[in-house]
Every structure is written in structure tokens, then in C-alpha cells.
Amino acid sequence: MNLQIIRDELGECRRCRLSDGRTNIVFSSGPERPAWLFVGEAPGRDEDLSGVPFVGRSGKLLNELLSELGWSRNLVGVINTVMCRPPGNRDPEPDEKEACRPFLLKKIQAIQPSVITTLGRHATNSLRGIPMSISEARRHPFEFLGAKVIPTFHPSYVLHGALHARQEMLHDFVHAISILAEKGVVP
Ligand code: URA
């Protein structure tokens, strides 16, 4: 299975109500088989308009953190828990996440990343299946479909003023990078 086959299967998806208001399906970005995969929550306005995940302010912060650590955005994969923008950027509803989840799982199975960084509570809980605050989740990395999952804050949390979280995200990224390095993956 590869990402193109999964994209073809998705088609012009109408599996949930989020399709009503979308401009573009935001499928994924990055190389075909990145060792480091980021999972976010849901597309925002910029992503809906461009069809590319994390291109708005949150994406710029993600890119900045990666380059501070000697990595680059074009080396990592980026996907979201749901592929269509929720109206007004509200949280995705449980049935919307459920409708997208088979594709989330297929993408991870196709990519076979070594490390997954989940950005925020929604992405983390979607993979782990046990609801937890992001602060607690950060203390409990877990395994998922053969990858080590290192939960961290969503960049929007930093952008909304939680400046301490920027440092904590860097710390979590360093953890992810150390696992990648143990597997021989370097930028
Ligand atoms: N926030 C997300 O969770 N995903 C995006 O693609 C953009 C912003």
C-alpha cells in the first residue's frame, strides 16, 4: 500500500459533514516514507485553501522548531486527525474523527514511520484511544503500529501565549530526534 492508493480510495470524500464546507481535502505533506511523522488535529483556513497541512501560523512555528534543531520540514511527514476544516476552526466531533480514522491508520501503515510526534490532545488521544490531558500524555510515550509516539503540545498553544510550551516542545522534539538517531536516522 502507498499513499497514492489511499488517496485514490479516499476520492472526493463525503463520509462526514466536514466535506460540506471544505475547499480542499488536506491529505498529507512530506516524502513518501518519512522516518518522522507529525500528526496534527485538523486543517485551518490556510490549509483548507492550499490543501497542504500546517502552512499557516502553526506550521511556521513547526518549521521554526525543526530548523532550530537542525531538521527541516521537507524531511518530515505531516498529516492530521481529520482531513477537512471544521467550520470556524471548532474541534472535530467524535463521529468526524471516526470517519477519518481508517485513513489515518492506513497512512501510518503505509508510511511506517520510526517516530510519530502527535501535536496536541486530539491527535494524541486519537492514536492512544485513552483520553488524557496533553500535559499527562507528554509523560507517557507509547507504541503505535510499530512507531514510538512522543506526544507534545499543539503549536497553537504556544501561539495563544503559553510561551513555556515552546521550550517543552523543543524538549519533546529532542527526545524524538534521539530515538531517530538510535535508528540511524539523521537529517
Ligand atoms: N493545525 C492543525 O492541527 N493542522 C493543520 O494542518 C494546521 C493547523
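Among the residues of the stretch 36-48, those that are within 17 Å of Leu119 (Cβ to Cβ) and either of a type in the set (D, E, K, R) or assigned to a loop (DSSP other than H, G, I, E, B) (or both) comprise Glu41, Ala42, Pro43, Gly44, Asp46, Glu47.
Out of the residues in the stretch 124-143 meeting the condition of being under 30 Å from Asp8 (Cβ atoms) and open to solvent by 30 Å² or more (accessible area, probe 1.4 Å), tell me which one is nearest to the ligand (Cβ to nearest atom).
The first filter runs over the stretch 124-143 and keeps only residues under 30 Å from Asp8 (Cβ atoms), leaving 124-129, 143.
Next, from what is left, pick out any that are open to solvent by 30 Å² or more (accessible area, probe 1.4 Å): 125, 128-129, 143.
Working: Asn125: 13, Arg128: 17, Gly129: 19, Glu143: 23 Å.
It comes out as Asn125.
The C-beta contact set for the stretch 149-169 (first residue under 20 Å from Gly44 (Cβ atoms) and open to solvent by less than 60 Å² (accessible area, probe 1.4 Å), second residue among the small types (Gly, Ala, Ser) and away from the ligand (no atom under 11 Å from the Cβ), distance under 7 angstrom, 6+ apart or interchain) comprises Phe153/Ala165; Val158/Ala165. Is it the case that Glu32 is charged (D, E, K, R), near the ligand (Cβ under 9 Å from one of its atoms) and either in a loop (DSSP other than H, G, I, E, B) or open to solvent by less than 60 Å² (accessible area, probe 1.4 Å) (or both)? Judged against the criteria, Glu32 is not a match.
Yes or no: Arg57 over 27 Å from Arg17 (Cβ atoms), within 16 Å of the ligand (Cβ to nearest atom) and open to solvent by 40 Å² or more (accessible area, probe 1.4 Å)? If you could, list the steps in order and put the result at the bottom.
Details: over 27 Å from Arg17 (Cβ atoms): no; within 16 Å of the ligand (Cβ to nearest atom): yes; open to solvent by 40 Å² or more (accessible area, probe 1.4 Å): yes.
Taking the combined requirement at face value, the residue does not satisfy it.
In a residue-by-residue description of the stretch 112-123, the property of being within 14 Å of the ligand (Cβ to nearest atom), over 17 Å from Pro31 (Cβ atoms) and of a type in the set (Gly, Ala, Ser) applies to at least one position. With respect to the conditions (1) closer than 23 Å to Gly184 by Cα; (2) free of Cβ contacts under 8 Å to residues at least 24 places away in the same chain; (3) part of a helix (DSSP H, G or I), Glu143 lacks only one, and its number is (3). Each residue in the stretch 36-66 was checked for being closer than 16 Å to Asp172 by Cβ and either at pLDDT below 95 or of a type in the set (Ser, Thr, Tyr) (or both), and 1 of them qualify.
Which of the residues belonging to the stretch 1-21 are β-branched (Val, Ile, Thr) and either closer than 17 Å to Gly51 by Cβ or open to solvent by less than 30 Å² (accessible area, probe 1.4 Å) (or both)? Selection gives Ile6 alone. In the stretch 97-115, of all residues being touching a residue at least 40 places away in the same chain (Cβ under 8 Å), farther than 26 Å from Ser178 by Cβ and buried (at least 16 other Cβ atoms within 10 Å of the Cβ), the one that is farthest from the chain's Cα centre (by Cα) corresponds to Ala99. When the stretch 36-49 is filtered for residues that are out of contact with any strand residue (DSSP E or B) (no Cβ under 8 Å at 6 or more places or on another chain), over 16 Å from Leu159 (Cβ atoms) and near the ligand (Cβ under 10 Å from one of its atoms), only Asp48 remains.
Evaluate the following for Val82: is it more than 14 Å from Thr117 (Cα to Cα), buried (at least 23 other Cβ atoms within 10 Å of the Cβ) and under 14 Å from the mean Cα position of the chain (by Cα)?
Values: more than 14 Å from Thr117 (Cα to Cα): yes; buried (at least 23 other Cβ atoms within 10 Å of the Cβ): yes; under 14 Å from the mean Cα position of the chain (by Cα): yes.
The answer is yes for Val82.
Does Gly146 meet the test of being open to solvent by 20 Å² or more (accessible area, probe 1.4 Å), at pLDDT below 95 and of a type in the set (Gly, Ala, Ser)? Spell out the reasoning first.
Values: open to solvent by 20 Å² or more (accessible area, probe 1.4 Å): yes; at pLDDT below 95: no; of a type in the set (Gly, Ala, Ser): yes.
For Gly146, the condition - open to solvent by 20 Å² or more (accessible area, probe 1.4 Å), at pLDDT below 95 and of a type in the set (Gly, Ala, Ser) - is not met.
The values are calculated or read from the model by the stated rules, or taken from the named source; none is laboratory data. Because the structure is a prediction, the values reported are computed rather than measured. So basically every Cβ, Gly included, is an ideal-geometry build from the backbone, and we count neighbours across all protein chains shown. Just the protein is used for accessible areas: all its heavy atoms, side chains included, with ligands, DNA and RNA removed. Shrake-Rupley method; radii C 1.70, N 1.55, O 1.52, S 1.80 Å.
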